[in-house]
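As structure tokens, the structure follows; a few thoughts come after it.
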Amino acid sequence: MSKVITKEKIQIEHDWFIPWILEDYSDEDIAKAWSGGESVEDFCIGRAGLLPIHHIRNWEDIKHHFDDEPYKGTEINHSTGKVYASWSEYYEEDGYVHNPCFSGIPDTLEIKWVYEGNDNDQ
């Protein structure tokens, strides 16, 4: 028997993230994507250069997924006065996960769109 691996979910606030991305695109760009069958969610996550930490409902639960690769930078965390210990620490201080449309969201996570005032699965 093959074992089914269940990925942990990154819960992204739909009502915050989608409008934040769409404000940078014309109605024509959006209509073109949708007429081609692309969902609004795929359109937005596929073009996002940044993902605000406050748009991730369960950041505390999933942030360890961003630490698979060691942080090799030299930037100083102004809160601690030391070089960042991990990518999640860097992202927390910066306020954004970088390049979610490329390699920013780890393969160990699956996106779950959540809606303000609703804790049910979507």
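The values are calculated or read from the model by the stated rules, or taken from the named source; none is laboratory data. Keep in mind that this is a model prediction, so the values were computed, not measured. Note that we place each Cβ from the backbone using ideal geometry, even for glycine, and neighbour counts take in every protein chain shown.
At a glance:
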{"item": "Of the criteria (1) surrounded by fewer than 18 Cβ atoms within 10 Å (Cβ to Cβ); (2) of a type outside the set (V, I, T); (3) more than 12 Å from the chain's Cα centre (by Cα); (4) part of a helix (DSSP H, G or I), which one G73 fails", "result": "(4)"}
{"item": "Positions within the range 17-55 being in a helix (DSSP H, G or I) and crowded, with 17+ Cβ neighbours inside 10 Å, in sequence order", "result": "F17, I18, I21, A33, F43, C44, I45, H55"}
{"item": "Restricting the range 102-122 to residues that are assigned to a helix (DSSP H, G or I) and exposed (fewer than 15 other Cβ atoms within 10 Å of the Cβ), the residue that is modelled with the lowest pLDDT", "result": "F102"}
{"item": "Test result for H65, surrounded by 16 or more Cβ atoms within 10 Å (Cβ to Cβ) and in contact with a Leu (Cβ under 8 Å, 6 or more places away or on another chain)", "result": "yes"}
{"item": "Residue in the range 81-92 that is under 20 Å from Q11 (Cα atoms), exposed (fewer than 14 other Cβ atoms within 10 Å of the Cβ) and either among the aromatic types (F, W, Y) or at pLDDT 95 or above (or both) present", "result": "no"}
{"item": "Only listed residue being on the phi < 0 side of the Ramachandran plot, of a type in the set (D, E) and either in contact with a strand residue (DSSP E or B) (Cβ under 9 Å, 6 or more places away or on another chain) or in contact (Cβ under 8 Å) with a residue 24 or more places away in the chain (or both), chosen from E38, E92, E28", "result": "E92"}
{"item": "Qualifying residues in the range 1-42 (those that are within 21 Å of D107 (Cα to Cα) and of a type in the set (G, A, S)) - the one modelled with the highest pLDDT", "result": "S39"}
{"item": "The range 2-16 - residue that is in contact with a helix residue (DSSP H, G or I) (Cβ under 8 Å, 6 or more places away or on another chain) and either part of a loop (DSSP other than H, G, I, E, B) or β-branched (V, I, T) (or both) and, of those, surrounded by the fewest Cβ atoms within 10 Å (Cβ to Cβ)", "result": "I12"}
